[in-house]
Amino acid sequence: MVILYFLSKETLRFGELSRKLPKVTQANLTKNLKLLESHEMIRRKVYPQVPPKVEYSLTPMGEKFLPVI
């Protein structure tokens, strides 16, 4: 739910999310992002560049879940 809260405010990159959640390991953050993406609550956009740039944002389904938070 915390990930959805931060993404409701703005589109964030992995590193930005990681800094906002200092007690969450990168492995757990990755796992939770993949889970939210599989449930179509967040969108993962990969930019074809070096170094890789990945942004996460809410989907319409994720936005519908915000009143629960």
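Any read-out appearing in this document is the output of simple, stated calculations on the displayed coordinates, not a laboratory observation. Since we're looking at a predicted model, the values are computed, not measured. Methodologically, a virtual Cβ is constructed for each residue, glycine included, from the backbone with ideal geometry; neighbour enumeration extends over all protein chains shown.
Are there any GluC sites (Glu not before Pro) in the chain that are in a DSSP loop and have at most 16 other Cβ atoms within 10 Å? List them by number. Walk me through the intermediate numbers first.
Working: sites: GLU10, GLU16, GLU37, GLU40, GLU55, GLU63; in loops: GLU10, GLU40.
Answer in residue order: GLU10, GLU40.
Can you give the extra length, in nm with one decimal, that the chain gains between THR25 and MET1 once fully stretched, where that is 0.36 nm per residue apart less the Cα-Cα distance?
Going from the current span to full extension adds 7.0 nm.
In nm, to one decimal, how far is the ASN32 label point from the SER57 one, both placed 7 Å along Cα→Cβ?
Between ASN32 and SER57, the label points sit 2.2 nm apart.
Starting from the Cα coordinates of the chain, work out the convex hull volume and express it per residue in Å³.
Numbers: hull volume 5.9 nm³, N = 69.
Roughly 86 Å³ of hull volume per residue.
Suppose only helical runs count, i.e. DSSP H with n ≥ 4. What mean residue ellipticity at 222 nm does that imply for the chain under -39500 (n - 2.57) per run, divided by all residues and rounded to the nearest 500 deg cm²/dmol? Mind showing how you got there, number by number?
On the way: 4 runs with 34 residues, N = 69.
Value at 222 nm, helices only, nearest 500: -13500 deg cm²/dmol.
How large is the dipole of the chain about the Cα centre if only Lys and Arg carry +1 and Asp and Glu carry -1, each at its Cβ, rounded to the nearest 20 debye?
On the way: 12 positive and 6 negative charges, 39 e Å.
For the chain, the charge dipole is close to 180 debye.
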